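Structure first, then comments.
Just so it is clear, none of the values below were taken in a lab; they were calculated from the coordinates. Just so it is clear, the model here is predicted, and its values are computed rather than measured. Positions of Cβ are backbone-derived with ideal geometry, glycine not excepted, and every protein chain shown enters the neighbour counts.
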Amino acid sequence: MVETAILSVPVFSTLCNEAFRLRRAVFVHEQKVPEAEEFDSDDLTAHHIVAVTRTSP
C-alpha cells in the first residue's frame, strides 16, 4: 500500500529546501532552464506544496 501526504511547507524549512534542491536538479540541470528564470523573489511569498509518499507492506 502506498500512503501519500500533501504538505504545505514554509520557505527555508528543511522540506522546502529539499523541494528546491529537486526543482533545481530537474529544471535547471536536466531541462536547462536558467536558474534566474526558475527561482525568483516570488518564491519567498509563494505557497510551496510537497507530496511525500511511503510504501508499507
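Within the shell of other residues whose beta carbon sits under 15 angstrom from the beta carbon of V26, the net charge comes to -1, with Lys and Arg scored +1 and Asp and Glu -1.
Loop-resident chymotrypsin sites (Phe, Trp or Tyr not before Pro) (DSSP state other than H, G, I, E or B) in the chain with no more than 12 further Cβ atoms inside 10 Å of their Cβ: F12. For H48, the residues 5 or more places off, or on other chains, whose built amide H falls under 5 Å of its own are V9. In the chain, helices alone account for a calculated mean residue ellipticity at 222 nm of -6000 deg cm²/dmol, with every DSSP H run of four or more residues adding -39,500 (n - 2.57). Taking 0.36 nm per residue of separation and subtracting the current Cα-Cα distance, fully stretching the chain between R54 and K32 would add 4.9 nm. So what's the net charge close to E35: Lys and Arg +1, Asp and Glu -1, counting the other residues with Cβ under 14 Å from its Cβ? Within the 14 Å Cβ shell, the charges total -1.
Here the Karplus curve 6.51 cos²θ - 1.76 cosθ + 1.60, taken at θ = phi - 60°, turns the phi angles of the stretch 11-28 into couplings of 4, 6, 6, 4, 5, 5, 4, 5, 5, 5, 4, 5, 4, 5, 4, 6, 7, 7 Hz, with x standing for Gly and Pro. Farthest toward the positive end of the dipole of the chain, out of C16, V52, M1, is the Cα of M1, where the dipole comes from beta carbon charges about the Cα centre. Karplus-based coupling profile of the stretch 33-40, in residue order and whole Hz: 7, x, 4, 5, 7, 7, 10, 8, with θ = phi - 60° in 6.51 cos²θ - 1.76 cosθ + 1.60 and x standing for Gly or Pro. The eigenvalues of the Cα gyration tensor, multiplied by 5 and square-rooted, give the stretch 2-55 an equivalent ellipsoid with semi-axes of 22, 15, 8 Å from largest to smallest. Applying both filters, DSSP loop and at most 13 other Cβ atoms within 10 Å, to the trypsin sites (Lys or Arg not before Pro) of the chain gives K32.
Neighbour counts of other C-beta atoms within 10 Å: give me S13, S56, S8 arranged from fewest to most.
S56, S8, S13
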